Amino acid sequence: AQSVTQPDIHITVSEGASLELRCNYSYGATPYLFWYVQSPGQGLQLLLKYFSGDTLVQGIKGFEAEFKRSQSSFNLRKPSVHWSDAAEYFCAVGGYGNKLVFGAGTILRVKS
Amino acid sequence: GAVVSQHPSWVICKSGTSVKIECRSLDFQATTMFWYRQFPKQSLMLMATSNEGSKATYEQGVEKDKFLINHASLTLSTLTVTSAHPEDSSFYICSASPLAGGPGEQFFGPGTRLTVL
């Protein structure tokens, strides 16, 4: 069965610093991978997705993610974090029937 | 593009009443819509999957008689929480998969906060 692990529950970074959020997945076939962001009390916004091809994926708001099959990882990165990036981030893998399996989420705090 | 709306955004009701939540894909047709529940500080839990014109498929442990799902068209799905009780209080989020979307691609609504008194 598919599963997603986000090992960091909370991460705090200073504004302007770089960011990397970790995501590891378990999936038997070629995975379809997603990163979503959720602000408090809001729905989820898609940051980026990986279906195939180039393993470095560019998304919105300056985010990127790299698919590494050998490590079963799809880590999210941003070179310089802004205070408005404070939110919760979810990694997900697409499964049977277009379902998504979500990780537990990582809460990002940004220090000014 | 790819906007999903939910109505209402929040609702407070008395125990024993029923509450209906609407989910609409505003600018695309959705083959499939999904309903999730999210408890505070937790991830999304898939409750059910619905396809237009057919019965919803519920995840294990979700009571189909309590959470009624109707998928009337390619742009509208509704979730009715019947005889709501305080333990049903939660954040409910719907999502929609577009007809021409990639595998697993879903667009999410803003969520509905349900509080049962």
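The values are calculated or read from the model by the stated rules, or taken from the named source; none is laboratory data. Nothing here was measured: the structure is a model prediction, and the numbers come from that model. With ideal geometry, Cβ positions are generated from the backbone for all residues, glycine too; neighbour counts draw on all protein chains shown. Please note that ligands, DNA and RNA were not included when accessible areas were found on the heavy atoms of the full protein model with its side chains. Shrake-Rupley method; radii C 1.70, N 1.55, O 1.52, S 1.80 Å.
Miscellaneous remarks
- All positions within the stretch A:46-73 that are open to solvent by 70 Å² or more (accessible area, probe 1.4 Å) and either more than 12 Å from chain B (Cβ to nearest Cβ) or in contact with a helix residue (DSSP H, G or I) (Cβ under 8 Å, 6 or more places away or on another chain) (or both): A:Asp54, A:Gln58, A:Lys61, A:Lys68, A:Arg69, A:Ser70, A:Gln71
- Of all the numbered requirements in (1) in contact with a Phe, Trp or Tyr (Cβ under 6 Å, 6 or more places away or on another chain); (2) more than 9 Å from chain A (Cβ to nearest Cβ); (3) not aromatic (Phe, Trp, Tyr), B:Ser43 misses one, and that requirement is (2).
- Set A:Gly16, A:Gly53, A:Gly28, A:Gly41: member being at pLDDT 95 or above and in a loop (DSSP other than H, G, I, E, B): A:Gly16
- Summed over the stretch B:35-75, the residues that are modelled with pLDDT of 90 or more, farther than 15 Å from B:Glu22 by Cα and of a type in the set (Phe, Trp, Tyr) give a count of 1.
- Verdict on A:Leu46 being under 29 Å from B:Phe91 (Cα atoms) and at pLDDT 90 or above: yes
- Scan of the stretch B:58-117 for residues that are hydroxyl-bearing (Ser, Thr, Tyr) and within 12 Å of chain A (Cβ to nearest Cβ), ordered by number: B:Tyr92, B:Ser95, B:Ser97, B:Thr112
- Summed over the stretch A:4-45, the residues that are within 12 Å of chain B (Cβ to nearest Cβ), more than 15 Å from A:Ala86 (Cβ to Cβ), surrounded by fewer than 17 Cβ atoms within 10 Å (Cβ to Cβ) and more than 14 Å from the chain's Cα centre (by Cα) give a count of 2.
- When A:Phe90 is tested against (1) surrounded by fewer than 20 Cβ atoms within 10 Å (Cβ to Cβ); (2) at pLDDT 95 or above; (3) among the aromatic types (Phe, Trp, Tyr), only condition (1) is not met.
- Of the residues examined, B:Lys20 is not one that is open to solvent by 20 Å² or more (accessible area, probe 1.4 Å), assigned to a loop (DSSP other than H, G, I, E, B) and charged (D, E, K, R).
- Long-range neighbours under 8 Å by Cβ, at least six apart or interchain, first residue within 13 Å of another protein chain (Cβ to nearest Cβ) within the stretch B:19-33, second of a type in the set (D, E, K, R) and open to solvent by 60 Å² or more (accessible area, probe 1.4 Å): B:Ala30/B:Glu52; B:Thr31/B:Glu52
- Qualifying residue in the stretch B:75-88 (condition: in contact with a Gly (Cβ under 9 Å, 6 or more places away or on another chain) and under 18 Å from A:Lys99 (Cα atoms)): no
- Taking the stretch B:32-65 as the range and being farther than 24 Å from A:Tyr89 by Cβ, of a type in the set (S, T, N, Q) and open to solvent by 20 Å² or more (accessible area, probe 1.4 Å) as the test, the residues that pass are B:Asn51, B:Ser54, B:Thr57, B:Gln60.
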